[in-house]
Structure formats: structure tokens, C-alpha cells
Amino acid sequence: MLAALLVFVLVAGVVLGGYAASVRIPGSLARRRIELRLREIGQTTESSDESIVVKEPAGPLPAIDRVLGRMAAGSRLAKLIEQSGIRTTPSAIVVASVASGVAALLATQALLRHSPASLVAAPLGTALPLLFLVQRRSSRLRRFEEQFPEALDLVSRAIRAGHAFQTAIGMAAEELPPPVGPEFKKVFDQQNFGLPLGDALAALADRVPLLDVKFFVTAVAIQRDTGGNLAEILDNLSHVVRERFKIQRQVRVHTAHGRITGLVLLGLPPFLAAALSVINPEHMRPLFEERIGHMLILATIVMQLIGFVWIRRVIKIEV
């Protein structure tokens, strides 16, 4: 009887918990989406004078943000952050870069006593946050490029159904996943709050520096000035983008051997060093303890990076 009672309580708890989760989770997710959309549009000041001006998020060091805002390098960094889709500020990236560089320097000094490798480790550590931003930016642009033909088809179908172009942009913003959906949502909100459509589309081309987006913005601008069938133009542009993707995938197939070769050549020396350190530590100890060994490690890292970049340049084919 006790076992049956425990089973009953356990099953009842699972059923009630599942029911509560199914009732509460969708509502919390919907509230979360509304908060994110309001944050995208901007924040209003808490003073008596209300404002709909979009405000930049405050970083850990506002003074650094103000200084970087007046510099060309700071503007490029802010643009890189926006294109990467990460919610951060230039001052936060600067703080992370300094902390990463100091950590790399201390780790190198602790592992390799007074090694010249610290002269390379510190700049590499400082560059890690920037490399992370560049990687996120490239990944986000690739996802946008893959989803863009679907967005063009959706806008074209909405126009054929009788909707205005601005309404079609709003429908695409609601239906499509990130990053295309949020970018189209920014365009819809900007023109909805009074920015001319041409300026909103130009801002989209600036945030998403892809050739397909520039074609889209140019096509819409020309159609609004001279007239024409915008739905047919968008269909043709979508077809061209998809055909280019086919060619790009064929190029990736033909260059797969070179890419795999570059990865193998980059990973082989560290793997052999780790294996020899386990098999014969005495043979590898001078490489980590002697000054000439430190210089050889530094030269190896530099030559490996040069070779990897060279192979990537050779196999990179613009389509």
C-alpha cells in the first residue's frame, strides 16, 4: 500500500507539474518576446520629457564609450558589435580585451619562465574578444544570407496578395527567425516611427553588408522612383541568390581537400607535441625549459599561422 501511494503521488506530481509548465511557460515566453521587442525599439527617459529616441546601452565605463564614439576606430568597433548581434558596448569589449591580454601574459609567464612567447601571447589574448566578434559577425551574416531568399519570397507573396510593401516587411519580420526577422523588424519599426523608407532600407544595407541586400535596397529604390512589378523583381532576385548558393556549395565541394589539408597541417604539430610529451617527456623537456626551445615554439606558431592563412587564401574563391 505504501509503494502504491508513493507511485500515485509521483504520477500525480508529474501530471500536475506538466500541466503547470504547459500553462505558464508559453505566457512567460510571450512576455519575454514583448520585452525584447520593446528593448529593440528603444527606451524612454524617466524624466517628465518623454522621448522616442533610441538610446545606446550603457557600458561599464561610459567615459570610454564617449571617447570611442568620437574616434573612427570606436565607430568601427560599434558597427562590428551591431553586425555581430551581441548586446554589448565598446567599453565592455575594451575591458574584456585588456583582461584577456593580462591573463594571457600572466599564464605565459607562469608556464614558461621569462619566455619571449609572452610578447606574442599578450597581443593574441588582447585580440581574442575582437576575434570572437568577427567570428560571430561572419556566422550571423552567413545565416542571414541563407535565410534572405526565403524573406524575398515571403515579401513577394505578400505583395501579390495585395499588401503594401511596408506591411509585407512587417509580415516577414514576424514570420522569419533571427537574424533576418529582427533586421526586418528594425526596418519596419524605423519607417513606422517616421523614418523614410529609403533611409530605413539604407540603414539595413549598412547593418548587413551583403551584396544581395544592396541589390534588394537598390531594386526597391528604383521601383519606387520608376514603377514596375516589385513582386517579379523580388522573385528574380531570390532566384539569382539561390543559384549563387548552388555554385558556392559546388565550390566548397571542390575545395574540400584543401580545407581539410589546412586543418590537418595546423593540428598535426600540437598533436605530435602532446603525444611525444606523454611517450618521452625527457625528449620534449628542453623545448619547454630552454630559451632556444621557447624561440622554436614561437617560430613554429608564427609559421603555422602564416601557412594556414596562405592555404585559406588559396582555396577561397569569390562567387
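Details
- Cα extents of region 144-237 along the three principal axes, largest first (Å): 28, 26, 25
- Size of the chain: Rg and Dmax of its alpha carbons, in Å, are 26.9, 83.
- Debye intensity ratio I(q)/I(0), log10, region 255-315, q values 0.13, 0.14, 0.15, 0.28 Å⁻¹ (C-alpha model): -0.43, -0.49, -0.54, -1.11
- Where labels lie 7 Å past Cα in the beta-carbon direction, separation of A164 and D225 in nm: 2.2
- For the residue pairs K185/K246; K186/K214; K186/K246; K79/K214; K246/K316, alpha carbon separations beyond 20 Å are given by K185/K246; K186/K246.
- FRET efficiency for L111 and E174, using Cβ-Cβ distance with R0 set to 51 Å, rounded to 0.05: 0.45
- Per residue of the chain, the DSSP helices (runs of n ≥ 4 H) give a summed -39500 (n - 2.57) that works out to -28000 deg cm²/dmol at 222 nm.
- Gaussian network model of the chain, springs between alpha carbon atoms under 10 Å - residue of V240, V67, V217 with greatest fluctuation: V67
Any read-out appearing in this document is the output of simple, stated calculations on the displayed coordinates, not a laboratory observation. Predicted model, so just to flag it, every value in this text is computed and none were measured. Heads up, the Cβs are rebuilt from the backbone with ideal geometry, glycines too, and the neighbour counts pull from every protein chain shown.
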